[in-house]
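Beneath this line is the structure, given in structure tokens, with notes to follow.
Values in this text are rule-based calculations from the coordinates and carry no lab data. The shown structure was predicted, so the numbers you read here are calculated from the model rather than taken from an experiment. Positions of Cβ are backbone-derived with ideal geometry, glycine not excepted, and every protein chain shown enters the neighbour counts.
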Amino acid sequence: MRLDCIDCVARANILTIPVIVGIAGGVALAAIIISLFYSPGADPGPEEDLAFMRPPNLTMLAEGKEYSAAIGSYCGRNGCADSELETFVPDETNVISRGAQVNFTFHGYIDPDMMTITFYDSELRPIDDFPSLNMSRAGYGFLADVPEGEYVFLLQAKWEEPYGADASYAFRTKVV
């Protein structure tokens, strides 16, 4: 009789190990699946943002005033979101003086490797008399030495590898 009991314990131990291994494997697989679909909450870090779950915020500083950009199209490792210029240009108009120094800042994020500014008139037509400005990390800004009038500044930022991302931004600005 005692042999039967020892035999039962041995059989139980043989079955217990695969069950425990199976449960542990299932938990690990569930953790992997959850991590693939998990999107961080309100404050992901710069590297996660540059995969573009959301593009970084951009502001323009001129004459001591700071203005927020409207975010347009963007692409990153997590996909793209397209917007036509007409749909994301803000209604609010920023006012700056002719000749003012204008600087741009990406808040809490790695600066892009390259940024281009293209100037549009208030009807969103490109202004051929103003060449696009290409800027590098050395300085994101320009001198607003343009005729008085209302403009849309379209900024296109590009982050090289390892981020491989880009985003467009717009400011509606009146130069007085």
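Over all other residues within a Cβ to Cβ distance under 14 Å of VAL89, the charged ones net out to -4, with Lys and Arg as +1 and Asp and Glu as -1.
At a Förster distance of 25 Å, what's the computed FRET efficiency of SER122 paired with LEU143, Cβ-Cβ distance as r, to 0.05? Intermediate results must be reported in sequence, preceding the final value.
Working: r = 21 Å, r/R0 = 0.84.
After rounding, the FRET efficiency stands at 0.75.
On the basis of the beta-carbon distance and an R0 of 41 Å, ASN78 and VAL176 show a calculated FRET efficiency of 0.50.
Mind giving me the nanometre distance, one decimal, between the label points for SER97 and ASN57, set 7 Å out from Cα along Cα→Cβ? Spacing of the two 7 Å Cα→Cβ label points: 2.8 nm.
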